[in-house]
Amino acid sequence: MFQIGETVFYSGSGICRIDSITSREFGDETRDYYVLIPEHKAKSVVYLPVDNQALLSRMRQPLTEEQVHRLIDGMPLLECGWIEEESSRKREFQRILQQGDQREIILMIHAIFLHRQQLKERGRKLHQCDERALREGQQILSDEFSYVLHIQPEEVESYIIRTLDGEES
């Protein structure tokens, strides 16, 4: 069980602080909820039922700095495939974003980048659903990485590039 005041990663909202645990009544049923305050969306509030295992499985401790650096260091070694069939690709990207596994998100972003380059060479653009998945993946990644590395979300991409170029230690 998570504790009030604890910082967690919730795949639907990124880095959040558990503000409280409260009871809410909906219809004839009263349930307990974690009240999550997203780090980068201070005016948002997420109510997460404490007894809903499917939703709780999307909440975890934030990565450590060491885990973030292992992910960054492993980026050049990533091999990813592209799912040609659009509806299958869209479902897979939604699953990845919903689960919030940073390694899978990095693979997805990498695949979309590579595909976008190929399309650009042919004078074409990404499908709108792929652009949306790319933006959401980048947001999720930058939210957690910025928290762990103590930098601003907009600095994450350049931090990753500098690290891969050997400029960060």
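For every helix of n ≥ 4 consecutive DSSP H residues, a contribution of -39,500 (n - 2.57) applies; sum these over the chain, divide by its total residues, and give [θ] at 222 nm rounded to the nearest 500 deg cm²/dmol.
-15000 deg cm²/dmol
Residue by residue, what Karplus-based ³J(HN,Hα) values in Hz, rounded to whole numbers, does the stretch 16-33 have, using 6.51, -1.76 and 1.60 with θ = phi - 60° and x for Gly and Pro?
With coefficients 6.51, -1.76 and 1.60, one gets 9, 9, 7, 7, 6, 10, 9, 9, 10, 10, 10, x, 8, 10, 10, 10, 8, 10 Hz.
Would you list the P(r) distribution for the chain, with all Cα-Cα distances sorted into 10 Å bins from 0 and each bin expressed as a whole %?
Bins of 10 Å from zero give 9, 34, 32, 19, 6, 1 percent of pairs.
Considering Cα pairs under 8 angstrom that are at least six residues apart, work out the relative contact order of the stretch 52-169 and quote it in whole percent.
With pairs under 8 Å counted, the relative contact order is 29 percent.
Taking all protein chains together and a probe of 1.4 Å, list TYR47, TYR33 from the most accessible to the least accessible.
Sorted by accessible area, descending: TYR47, TYR33.
For GLN138, what charge total do you get from the other residues with a beta carbon under 12 Å from its beta carbon, if Lys and Arg give +1 and Asp and Glu give -1?
-4
Which percent of the accessible area of the stretch 1-127 is formed by carbon and sulfur heavy atoms (probe 1.4 angstrom)?
47 percent
Using a cut-off of 10 Å between beta-carbons, work out the net charge of the residues near LEU119 (Lys and Arg +1, Asp and Glu -1, LEU119 not included).
Summing Lys and Arg as +1 and Asp and Glu as -1 gives +3.
Once both axes come from the Cα atoms, what is the angle between helix 65-74 and the longest principal axis of the chain, in degrees from 0 to 90, rounded to 10?
Here the helix axis deviates by roughly 30 degrees.
Accessible area per residue of the stretch 114-163 at 1.4 Å probe, in Å²?
In whole numbers, the stretch 114-163 has 63 Å² accessible per residue.
The values are calculated or read from the model by the stated rules, or taken from the named source; none is laboratory data. No experiment lies behind these values; they were computed from the predicted model shown. Backbone-built Cβ (ideal geometry, glycine too); neighbour counts: all protein chains shown. Note: accessible area is taken over every heavy atom of the protein model, side chains too, but ligands, DNA and RNA are not part of it. Shrake-Rupley method; radii C 1.70, N 1.55, O 1.52, S 1.80 Å.
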